[in-house]
Each structure stands twice: as structure tokens, then as C-alpha cells.
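See structure below.
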2 protein chains.
Amino acid sequence: MMNAMHYTRDNMAELLRSHDINPTHQRIEIAHALFSRQEHLSADQVMAIVNTRHSETSKATVYNTLRLFLDKGLVREVIVDPTKVFFDPNTSPHHHLYEIDTGRLSDIDAGQVRISGLPPLPAGMVTEGIDLIVRVRRKA
Amino acid sequence: MMNAMHYTRDNMAELLRSHDINPTHQRIEIAHALFSRQEHLSADQVMAIVNTRHSETSKATVYNTLRLFLDKGLVREVIVDPTKVFFDPNTSPHHHLYEIDTGRLSDIDAGQVRISGLPPLPAGMVTEGIDLIVRVRRKA
DNA sequence: CACCAATTTGGACTTTGTCTAATATCCGGA
DNA sequence: TCCGGATATTAGACAAAGTCCAAATTGGTG
């Protein structure tokens, strides 16, 4: 909890270290891209952002890094669009709102939302996550 | 409602007609593939199944047809896996269980499930659908 | 400085899905 | 039956997201 209020690159390095990730240049830039805005980004958006600033970061590194962040629990993967995966820097329990027309993905705070009556899981299974996705569209 | 209890090709033709779809050979085969099993299929699975039986059906036709079925409300699209879209012949309200290891997708009856406390939608937006996806994995 | 491990990189490759222009099929009317 | 137009189907080229790998770079440490 209590991530730094300002997403400086130093704070990003700190965050990475606290998640057991060696804070390299590229990783810091990628983390900064993800954490310093509320919209969720896809891999190619991350790449575009990171490559505006100084050095180039390769596609392979962006994908490697995003997967690393996933593994280390720094971000969550949100699958709403068959053409690309979004990465969500918020790993606390919450849900998602997906605007079909614009492709924008935002959070729904789980605070008020209650889901009850889910059937028991099949034997030998454990829950990996519950994704509640509300798809909306601009009124015609 | 009251789809035929047996998924004969004649019944499929009937089903298609009732959804305002011209029942061609290929469409009947594809509908049959989707409706005659409880697992949800992806486009390439549909293609594999349809092409075991007699005539060949082209990739383009499979995709065209699945989109047509979608538009006509015959099937639903389920997006759980970044690598492929699943098609669900059940359009009544229900949720999904996704087995991460195997890639199998099955239904959760919405009967008992209750979702409450969703925040109001942003102004000018209408809900297009609410997807509740439970991701499970075989216990280690 | 030299070395070793970790990281990054370009580019080839795979997969899912789209697009298009040509062909085939179906059906109603003369 | 034959014709013509609308509807379907097709092969194959193409696009975009993501993976993979071997080579090059980087960053400590002794």
C-alpha cells in the first residue's frame, strides 16, 4: 500500500526494489508509464510512451518487462479486447469498466460491489481471480 | 426458445431461420458444431470440427459466419484468453468459468448469482453487457 | 581492468483474425 | 429452361499482437 504520492523515477525504482525487481533504466521507464496515469495501457501503448522519451526500448524488452511485472505481482492483466491485453497497475480488488467505442478501460472500486451466490468450484480447483467487466457504449 | 432437444441438422436449419439467417450448408455445419456440445469453441476449433466432416469450409466463411451469428444474437462472444475468442451458444444470462491450465470455458448459471452495488454508469453510456469471469486453476 | 551474470536488442517467426477480388450458388421471372 | 442479380463462399495476401533466440550490451565485483 501507500505507494508514493508522486510518481518520480526514484520512487519507481523503490517500488521495483520492494517487489524484488532489479530497477533498470527501461524497467523504471515502463513502470513510470504505467503508474503515472490512471488509464490502463496495452503493451503497444507502453511502447509508444516509453519511446517518446530519450532512449529506445525494444519490443522484446517491453514484453519481457510487463511479464516480469505480472509475475512479481506489480500489475494485473485485464483481458477485455481480443486484440490486446491491458495492464493494470492497481492490484487491489476492483472491477473494470470497458468503453467499447473508445477502447478505454477504467476501474470500478470494489468497495460497494457485492457478488454472492457463486456456485462451489469444481473439486480440486482454486480461484485465480474473479473478473467483473462492465462493457458500455456511448448512448446512440 | 425451446431449442430442439436433439441437435440435428434439420433443427439447426430451423434455428437459423428463426434468427433470420439463411441456412446454408456451411452455416448449418457451424451451428451444429457450436450447439451440439457444451464446451465453448474458438474459431479455429470450429474450423477443425467442421472440416473433419465432408466438405471443406474456408477460414473466411468460418469467421464470416461466426460474426453473422453474433450480429443475429445466436451466440455470444466470450473474451477470456488473449490468444482467442470463444463463442458461446447460450445467450441467456449467465457467467463463465475459465480453467486456466486447460483453456476450457464453461457456464455458470446466473440463477443464484447476485451482483449488487455497481456504481452508476458514466453519463451518456449504456450497458452492453456484464461479464463475470471466474478464473480457476487446478490445485497445486 | 577483466569477468560473469543479468539485461536488452533486432529481427525472424507464429497465430489469430481481416480484407478483397474472383467464383459459385440460389432463386424468381420470362 | 435459361437468365440475371443478389447472396455466399473461397483462396490467399495481409495486418497486428506477441514469442523466441542468439548476439550484443550493461553493471557490478574482485
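The values are calculated or read from the model by the stated rules, or taken from the named source; none is laboratory data. From a predicted model like this one, the values you see are computed outputs, not experimental measurements. Because the Cβ atoms are built from the backbone with ideal geometry, glycine has one as well, and the counts that use them run over all protein chains shown. Please note that ligands, DNA and RNA were not included when accessible areas were found on the heavy atoms of the full protein model with its side chains. Shrake-Rupley method; radii C 1.70, N 1.55, O 1.52, S 1.80 Å.
Out of curiosity, is B:VAL75 away from DNA strand D (no atom under 14 Å from the Cβ), more than 13 Å from chain A (Cβ to nearest Cβ), surrounded by 13 or more Cβ atoms within 10 Å (Cβ to Cβ) and farther than 18 Å from A:GLY129 by Cα? Taking the combined requirement at face value, the residue satisfies it. Looking across the stretch B:88-115 at every residue that is open to solvent by 50 Å² or more (accessible area, probe 1.4 Å) and within 7 Å of chain A (Cβ to nearest Cβ), the one that is farthest from B:GLY73 (Cα to Cα) is identified as B:ILE100. Taking the stretch B:122-136 as the range and being aliphatic (A, V, I, L, M) and loosely packed, with under 14 Cβ neighbours inside 10 Å as the test, the residues that pass are B:ALA123, B:VAL126.
Just to be sure before I move on: is A:HIS19 open to solvent by less than 40 Å² (accessible area, probe 1.4 Å) and either touching a strand residue (DSSP E or B) at 6+ places or on another chain (Cβ under 9 Å) or not polar (S, T, N, Q) (or both) in the structure I sent?
no
Restricting attention to the stretch B:52-67 and to residues that are touching a helix residue (DSSP H, G or I) at 6+ places or on another chain (Cβ under 9 Å) and either farther than 20 Å from B:ASN90 by Cα or of a type in the set (Gly, Ala, Ser) (or both), the residue that is farthest from DNA strand C (Cβ to nearest atom) turns out to be B:ARG53. Residues in the stretch A:1-51 that are farther than 17 Å from A:ASP71 by Cα, of a type in the set (D, E, K, R) and without any contact (Cβ under 8 Å) to a residue 12 or more places away in the chain: A:ASP10, A:GLU14, A:ARG37. Selection of the stretch B:17-36 for residues being under 19 Å from B:GLU56 (Cβ atoms) and either assigned to a helix (DSSP H, G or I) or among the charged types (D, E, K, R) (or both) yields B:HIS25, B:GLN26, B:ARG27, B:ILE28, B:GLU29, B:ILE30, B:ALA31, B:HIS32, B:ALA33, B:LEU34. Put simply, of B:THR83, B:THR8 the only residue that is polar (S, T, N, Q), out of contact with any helix residue (DSSP H, G or I) (no Cβ under 6 Å at 6 or more places or on another chain) and away from DNA strand C (no atom under 16 Å from the Cβ) is B:THR8. Candidates in the stretch B:37-70 are the residues that are surrounded by fewer than 13 Cβ atoms within 10 Å (Cβ to Cβ) and near DNA strand D (Cβ under 10 Å from one of its atoms); of these, the one that is farthest from the other protein chains (Cβ to nearest Cβ) is B:SER55. When B:ALA43, B:ALA33 are screened for being more than 27 Å from A:TYR98 (Cα to Cα), within 16 Å of DNA strand C (Cβ to nearest atom) and among the hydrophobic types (A, V, I, L, M, F, W, C), only B:ALA33 passes.
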